[in-house]
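These notes are about the structure you will find just below.
Any read-out appearing in this document is the output of simple, stated calculations on the displayed coordinates, not a laboratory observation. All figures in this text were calculated on a predicted structure; none of them were measured in a lab. Neighbour counts are summed over all protein chains in view; Cβ atoms, including those assigned to glycine, are modelled from backbone coordinates with ideal geometry.
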Amino acid sequence: MDRHFFDELESLKEILLKMGAIAENMVNVTIKALVEHDSKVLAELSGNESKLNHLQVEIDEYCLKLNALHQPTASDLRFLFGVIKINSELERVGDHAVNIGRSILKILDGKQLKPFVDMPQMVDIVNAMFKESLHAFVNLNVDKARNILYRDDQVDKLRYKIIQELTELMKKDPATIEYAINLILIANKFEKIADHATNIAEVVIFVAQGKDVRHHFSDPL
Amino acid sequence: MPKIIKVKQLDLYYNQFQALKSVNMDVDNNNIIGLIGPSGCGKSTLLRTLNRMNDLIEGVKIKGEILLDGVNIYSSQMEIYELRKRVGMVFQRPNPFPLSIFENVSFGLKVERFTDKKKTAEIVEKSLQAAWLWDDLKDKLNESAIKLPLYQQQLLCIARLLAVEPEVILMDEPCSALDPIATMKVEELMLELKKEYHIVIVTHNMQQAARISDLCGYMLLGEMIEFGKTSDIFTNPRDKRTQDYITGRYG
């Protein structure tokens, strides 16, 4: 393999990180809108989603070209495989951010029923997980990646708690249903983003060590 | 077909120079074994020890054992002619004899003083069929083998081996003189032959090793650095030296 190929891998990594930065920004925007009740910031979501979609196609084409022309092996092969997988994860994160934005617009139109308690805690964890999954990929940091896997359960528990509370609220007062459903949708989408962060962390472990830890079958946590 | 070659702690010296260092390797279970590594790493030397081709080189000294069905091939119990019949070799450049196609394939039988003409013709046909040459050459059996295109010459050399019913086929860069289409044909033939024979191939073409071998050994400076499933070696090698070589970071 020649130096040219290694330069190509670096370029590919840079494009993926650019995509990661856009997805991260989209998640931040939704959190800001939710926590600060600021719907104006949501305007930039759709432009960013379009950028993500273009980058997704560009990265897939780039990976296909590098595979065909250089037939990589071992760590290089795992890296390309990882980029293809993370590429899809980032595109999905962008979709979720857009959907969260839509639900936020609906709840900001109405009156807030009660102060958020678990939601900010949950989105903080999700945000940190997503950011760290990208950092773990930059340096192929397996410890950081494993740490993300452990936190996915915390998010699941908080989401469950939010849904329980909102269900009770809806039972007591049917007028809250629309608002509560949108909040549940938001919680669900953030939980999905945590799942994508987890998937990215699993890919990082695979790229770095060749171990497939998905579903915990080859390396129980 | 559970015949096994077992290489145990093999050292080989060309005079003072140690070309193989404590090499261990098993050939069994109808696997194709690929040996890869940079030039001078000892892979061809190892291959040639398996049927004692290195005996022809002056100053060669061997320690350790190579067992064929439990018998050390370097012991007096093993006749060298018998060994080379059981463990045949295909070389880098096709080397048909300047004889007819028929005479080439039946050459080993003639050496064995096999005189049944009808049976000889049957074996020639069977060997040419096994080497995928019968349909192309059945009407040209008396023509000169050296006039054949290179890839057919190489397949003919394989047919010549098959006629004496070896158990192991050693191949020393058998496709290096062939174009990609001919290479593909030889590779497909190898995959077919592995159902009946054990095959060990030395190749400089890593993609070829990846495509056709079941087990792969990476050699460096006379050592077997890593030996294992080809799919593991090419996706997740254990040793950094293997990783560096197969990803092109060697040297």
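The figures follow:
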read-out: Other protein chain Cβ atoms within 10 Å, averaged over every residue that makes up B:242-250; value: 5
read-out: Nonlocal amide H pairs with B:Ala19, under 5 Å, H built at 1.01 Å; value: B:Leu12, B:Tyr13, B:Tyr14
read-out: Selection from A:Gly94, A:Phe130, A:Ile181, by position along the positive dipole direction of region A:88-221 (Cβ); value: A:Ile181
read-out: Region B:1-47, Cα convex hull volume normalised per residue, Å³; value: 73 Å³
read-out: 5 Å-binned pair-distance histogram of region A:3-216 (Cα, whole percent); value: 1, 7, 15, 17, 17, 14, 11, 7, 5, 3, 1, 1, 0, 0
read-out: Volume per residue that the Cα convex hull of region B:71-185 spans, once the total is divided by residue count, Å³; value: 110 Å³
read-out: Candidates per chymotrypsin sites (Phe, Trp or Tyr not before Pro) in region B:161-251, loop by DSSP, up to 14 other Cβ within 10 Å; value: B:Tyr250
read-out: Folded to 0 to 90 degrees: helix A:142-172 orientation relative to chain A principal axis, Cα; value: 20 degrees
read-out: C-alpha center-to-center spacing [region A:1-42, region B:1-46] in angstrom; value: 50 Å
read-out: Rg followed by Dmax, in Å, when the protein assembly as shown is reduced to its Cα trace; value: 31.8, 103
read-out: Relative contact order (%) - chain B, alpha-carbon pairs under 8 angstrom, separation at least six; value: 27 percent
read-out: Whole-Å semi-axes of the ellipsoid equivalent to region B:1-86 (Cα gyration tensor, √5λ, descending); value: 20, 16, 11
read-out: Distance from region A:147-181 to region B:213-251 (C-alpha centre basis), Å; value: 51 Å
read-out: Cross-link partners of B:Lys118 among lysines (Cα-Cα below 23 Å; sequence separation of 8 or more within a chain); value: B:Lys85, B:Lys110, B:Lys126, B:Lys138, B:Lys140
read-out: Packing-based exposure ordering (other Cβ within 10 Å, fewest first) of A:Leu183, B:Leu189; value: B:Leu189, A:Leu183
read-out: The protein assembly as shown - charge dipole about Cα centre, Lys and Arg +1 at Cβ, Asp and Glu -1, debye rounded to 20; value: 640 debye
read-out: Under 21 Å from A:Lys144, Cα to Cα: lysines that are on another chain or at least 8 residues apart; value: A:Lys13, A:Lys18, A:Lys85, A:Lys131, A:Lys192, A:Lys211
read-out: Residue among B:Leu68, B:Leu148, B:Leu46 with the largest mean-square fluctuation in a Gaussian network model of chain B, springs linking Cα atoms under 10 Å; value: B:Leu148
read-out: Sparse-neighbour loop sites [GluC sites (Glu not before Pro); region B:93-144; at most 14 other C-beta within 10 Å; DSSP]; value: B:Glu112, B:Glu143
read-out: Lysines whose Cα lies under 18 Å from that of A:Lys40, excluding same-chain neighbours fewer than 8 positions away; value: A:Lys32, A:Lys106, A:Lys111
read-out: Estimated Rh, chain B: Kirkwood, alpha-carbon pairs, angstrom; value: 18.7 Å
read-out: Efficiency of FRET between B:Lys240 and A:Gln164 - r from beta-carbon atoms, R0 60 angstrom, step 0.05; value: 0.75
read-out: Qualifying trypsin sites (Lys or Arg not before Pro) for region B:139-217 [loop in DSSP, other Cβ within 10 Å: at most 11]; value: B:Lys195
read-out: On Cα atoms only, tilt of A:45-70 relative to the major axis of chain A in degrees; value: 20 degrees
read-out: Acute angle (nearest 10 degrees) that the helix B:117-130 long axis makes with the longest principal axis of chain B, alpha-carbon atoms; value: 50 degrees
read-out: Residue-averaged beta-carbon neighbours from other chains (10 angstrom radius) around A:75-82; value: 3
read-out: Cα centroid of region A:47-86 to Cα centroid of region B:177-209, whole Å; value: 31 Å
